[in-house]
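Please read the structure below before turning to the comments.
The values are calculated or read from the model by the stated rules, or taken from the named source; none is laboratory data. What you see is a predicted model, and the numbers here were worked out from it, not measured in a lab. Backbone-built Cβ (ideal geometry, glycine too); neighbour counts: all protein chains shown.
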């Protein structure tokens, strides 16, 4: 009887690899904490997508800056990216955001921002990424229409700064975290 007990013990201690085995009903795996609702995440992704349509750098910078776990280097890189885009947008040599690959690159940036939002909240990334990419079109074409309208009524820089303010506000609201 002792010999049979030894084989049982041997079997229970032998595993295919280190750590818990996924699918083993006797071991509870740590799951990321889910924060907020799925609908709330999709709304945030849509708002971030609109902001990214205006200023693509905000798609990744806003969630990075809002995340308290982001390191100093990430935060510095995010800030520099936003400042570079806000400055470059005002230069007369900057091409139209409507010329390819402008809309496509803004949609990709927005989708990546949706992925970051979803991961920060412990959620699936597919729908937030698709939602952000879809809504980036509103920011891209809406922002271009706003700038054209504003340029007819005064200097272009005024319309550009107003668009910056709206995009920064939307990105901040979409990315804010609760503790």
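What to note about this one:
- Verdict on residue 127 being within 13 Å of the chain's Cα centre (by Cα) and more than 10 Å from residue 53 (Cα to Cα): yes
- Scan of region 91-142 for residues that are at pLDDT below 95, surrounded by 12 or more Cβ atoms within 10 Å (Cβ to Cβ) and closer than 15 Å to residue 160 by Cβ, ordered by number: 97
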